[in-house]
Amino acid sequence: MVPASLRALLEHSIDYAGMFPPCALELEPALANQARYVRLDDRWMLNAFVLPVGQFDAAKQFLSLFDPVHPVSISALGPKTENATAFFDALGETDAAIRSLAAHNVDLVSISQLEMFLPDDADSNLLDEARAIVGDLPAFWEAPAERAERTIALLAEHNSNTGHPTFGYKMRTGGVTADAFPTSAQIAPALVAPATHQVPIKFTAGLHHPLRQYREEVQTKMHGFLNVLGAAVLAAEHRWDAAQTATMLEDESASSFKFDEEFFAWRDWKIDLQRLRDRRKFVTTFGSCSFDEPRDDLRALKFF
């Protein structure tokens with residue numbers, strides 16, 4: 001039995017990124033995995049399939065793995081560009097690819113969001129131009145941790161001027177080497193800022209396991225997805241500062257986390273079910289190359 005608060009924290013939270021390291025599967029087996037996952041009882045945790053736009057045409061031949069009852073939702077990953085001019089050109093090509101795939105078979109595939117790196121010279125004018133291209137499609141713009149607060153403020157300003165807060169921030173929380181992992185002190189301000197500005201945030205890389213822990217394969221401590229998602233909602237609910245948020249990110253004890261039918265709690269801090277669902281509108285998903293590891297670890301910890 002899955003506690004209601006755990007379900008509220010993790011519902012549709014995992015964007016399956018099987019084509020990316022460390023799994024690095026080819027397109028066909030990765031899509032075959034997604035087709036299996038959308039038919040599992042645990043599919044309530046699954047969100048979209050992360051697919052680079054360069055693979056859109058190739059993916060069309062594998063859509064028969066899905067059916068109208070079990071379609072595939074795509075998180076479109078645009079290319080990384082070095083400056084605003086290249087970004088604008090690449091975004092136009094990305095939008096064309098999205099429209100082509102979305103129209104290919106509306107019963108089997110949909111595009112639920114866009115992810116793309118935002119270059120250093122991005123400004124409000126570039127975001128206005130991006131809005132004109134992508135329309136109402138939810139988009140998450142990635143920037144490194146050192147640019148997080150500035151990027152979130154820029155997105156917040158844009159969202160407030162449009163009345164449609166569909167532009168969010170994407171934060172990288174790890175990788176395949178130790179130097180790819182930002183510290184808790186670097187992540188914490190990026191969790192506090194969206195709570196203030198109501199900018200949606202999603203995460204990518206390094207969140208395979210529920211709790212923070214040392215992992216030999218990367219020779220460092222990996223952040224836990226319960227730590228990160230939980231700290232984001234509690235920081236918003238209780239107006240934590242970055243120091244308090246970092247304390248939760250550092251916690252490696254399963255006993256600190258409590259899930260029941262009415263509340264999610266970490267130590268003495270709690271949030272009720274309805275408020276948790278409301279906060280999740282701005283704390284969206286995390287990309288993981290495995291859909292099995294997160295679920296297996298949660299069961300091993302007896303969270304459900």
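The values are calculated or read from the model by the stated rules, or taken from the named source; none is laboratory data. What you are looking at is a predicted structure, and each value in this text was computed from that prediction instead of being measured. No Cβ is skipped: glycine too gets one built from the backbone with ideal geometry, and neighbour counts run over all protein chains shown. Heavy atoms of the whole protein, side chains included, go into the accessibility calculation; ligands, DNA and RNA do not. Shrake-Rupley method; radii C 1.70, N 1.55, O 1.52, S 1.80 Å.
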Next item on the list: Determine whether the stretch 266-279 contains at least one residue that is touching a Leu at 6+ places or on another chain (Cβ under 9 Å), open to solvent by 60 Å² or more (accessible area, probe 1.4 Å) and over 13 Å from residue 210 (Cβ atoms).
Entry: yes
- [ ] State whether one or more residues within the stretch 133-144 are surrounded by 19 or more Cβ atoms within 10 Å (Cβ to Cβ) and in a helix (DSSP H, G or I).
- [x] yes
If you go through the stretch 222-237 one residue at a time, do you hit one that is in contact with a helix residue (DSSP H, G or I) (Cβ under 8 Å, 6 or more places away or on another chain), open to solvent by 20 Å² or more (accessible area, probe 1.4 Å) and not acidic (Asp, Glu)? no
All-but-one check, residue 240 against (1) open to solvent by 60 Å² or more (accessible area, probe 1.4 Å); (2) at pLDDT 95 or above; (3) assigned to a loop (DSSP other than H, G, I, E, B), failing number (1)
Residue 121 - would you say it is in a loop (DSSP other than H, G, I, E, B) and either open to solvent by 70 Å² or more (accessible area, probe 1.4 Å) or closer than 25 Å to residue 52 by Cβ (or both)?
yes
Output for Cβ contacts, cut-off 8 Å, separation at least six or different chains, first residue without any contact (Cβ under 8 Å) to a residue 40 or more places away in the chain in the stretch 88-104, second assigned to a helix (DSSP H, G or I), reads 95/133; 95/134
Selection over the stretch 46-55 where residues are in contact (Cβ under 8 Å) with a residue 60 or more places away in the chain, open to solvent by 20 Å² or more (accessible area, probe 1.4 Å) and β-branched (Val, Ile, Thr) yields a count of 0
Per the filter on the stretch 21-45, residues touching a residue at least 24 places away in the same chain (Cβ under 8 Å), open to solvent by less than 20 Å² (accessible area, probe 1.4 Å) and within 19 Å of residue 57 (Cα to Cα) are 27, 31, 34, 35
The one condition residue 291 fails out of (1) open to solvent by 40 Å² or more (accessible area, probe 1.4 Å); (2) more than 16 Å from residue 229 (Cα to Cα) is (1)
From the option list 97, 153, 178, 148, single residue qualifying as touching a helix residue (DSSP H, G or I) at 6+ places or on another chain (Cβ under 6 Å) and under 24 Å from residue 231 (Cβ atoms) is 148
Inside the stretch 96-118, the number of residues satisfying the requirement of being part of a loop (DSSP other than H, G, I, E, B) and either under 30 Å from residue 147 (Cα atoms) or open to solvent by 40 Å² or more (accessible area, probe 1.4 Å) (or both) is 4
With respect to residue 7, determine if the residue is free of Cβ contacts under 8 Å to residues at least 24 places away in the same chain, open to solvent by 40 Å² or more (accessible area, probe 1.4 Å), touching a helix residue (DSSP H, G or I) at 6+ places or on another chain (Cβ under 8 Å) and closer than 23 Å to residue 285 by Cβ.
no
